[in-house]
């Protein structure tokens with residue numbers, strides 16, 4: 001009796017279907033609420049139309065006949081509402097063989113999660129990203145319109161992104177007792193942050209294109225700490241792909257967030273376009289009142305003709321295009337812009353058989369450069 005009550009009160013929709021006809025013999029409260037109509041005693045084909053469950057019946061048959069569980073994510077379930085109109089629903093399902101007392105399979109146990117809102121939100125994000133990507137590509141042909149688009153981007157996009165992110169965070173808090181849905185809501189929030197960073201990259205690249213210096217917030221920093229912090233974060237995904245060679249402990253006055261953006265761009269580029277399973281190395285040394293940081297990756301070299309425009313906005317090398325890696329061609333533009341705003345410079349050497357090396361040269365005190373810039377108006 002207690003086991004039955006537990007089954008009925010589990011927040012995840014659960015159902016047991018018996019026999020080869022998959023007759024509904026038991027469904028908990030969450031499942032009945034999800035379906036919204038009586039189903040007990042009916043077979044799957046009797047309870048739903050072929051349009052609704054046509055793709056699910058072969059899955060049930062397979063589990064019932066072979067005893068091999070099935071797991072599927074974001075499957076389309078075009079269930080009809082009370083008015084008979086098909087409404088698209090996406091579900092995560094898990095089917096397991098249900099064994100009787102004899103030890104033989106007598107039915108199928110199903111776990112169903114409605115992930116419709118998560119899928120719809122992601123599709124909106126993907127559609128928006130595709131739209132803005134195509135828009136930027138189209139505007140590339142018309143320089144004047146492109147500049148107008150970029151300059152107004154923050155006003156047109158940041159407000160709805162902020163609202164969407166706050167909604168996702170609120171949803172995550174409400175779903176803390178359902179980890180799977182909470183994780184999905186958090187994933188939406190992360191993608192909102194990604195979109196916001198993309199907007200900031202576009203705006204910063206627009207400032208650079210206009211010949212303006214990026215604004216900085218100069219504070220005391222440890223270059224060693226900044227490098228190790230970025231590598232630690234990236235290593236959670238890329239494992240032990242990085243090699244570090246510190247020839248000095250270097251403290252200076254820089255914009256820590258700006259330097260982090262530079263390091264992330266160069267290290268990720270090394271992973272994306274370097275030789276697979278070969279390390280990306282980062283070396284740091286001192287030279288007078290400057291610190292030199294170099295990032296090297298092995299792999300296909302960049303041809304001389306492309307080195308000339310390597311730091312141009314929206315520019316992507318032939319290596320990048322052929323790699324099928326997604327990108328806007330903004331990363332190196334920002335690297336150059338941020339380093340030059342500090343009073344430093346960026347050099348790149350790319351040779352066949354040796355790979356590519358980016359070298360940053362930064363003054364230890366970027367405040368001096370920023371103050372001179374202010375004095376010069």
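Legend: calculated FRET efficiency, residue 249 to residue 169, from the Cβ-Cβ distance at R0 = 41 Å, rounded to 0.05, equals 0.55.
Measuring r between the beta carbons of residue 42 and residue 68 and using R0 = 35 Å, the FRET efficiency lands at 0.85. Put a dot 7 Å past the Cα of residue 235, heading toward its Cβ, do the same for residue 352, and the two dots end up 3.6 nm apart.
Note down the relative contact order for the range 2-114 as a percent, whole number, built from C-alpha pairs under 8 angstrom at least six residues apart.
So the answer I get is 26 percent.
With both labels modelled 7 Å from their Cα along Cα-to-Cβ, the residue 104 to residue 222 distance reads 7.0 nm.
Values in this text are rule-based calculations from the coordinates and carry no lab data. Treat the numbers as computed from the prediction; the structure is a model and nothing was measured. Here Cβ is always computed from backbone atoms with ideal geometry, including for glycine, and neighbour counts include all displayed protein chains.
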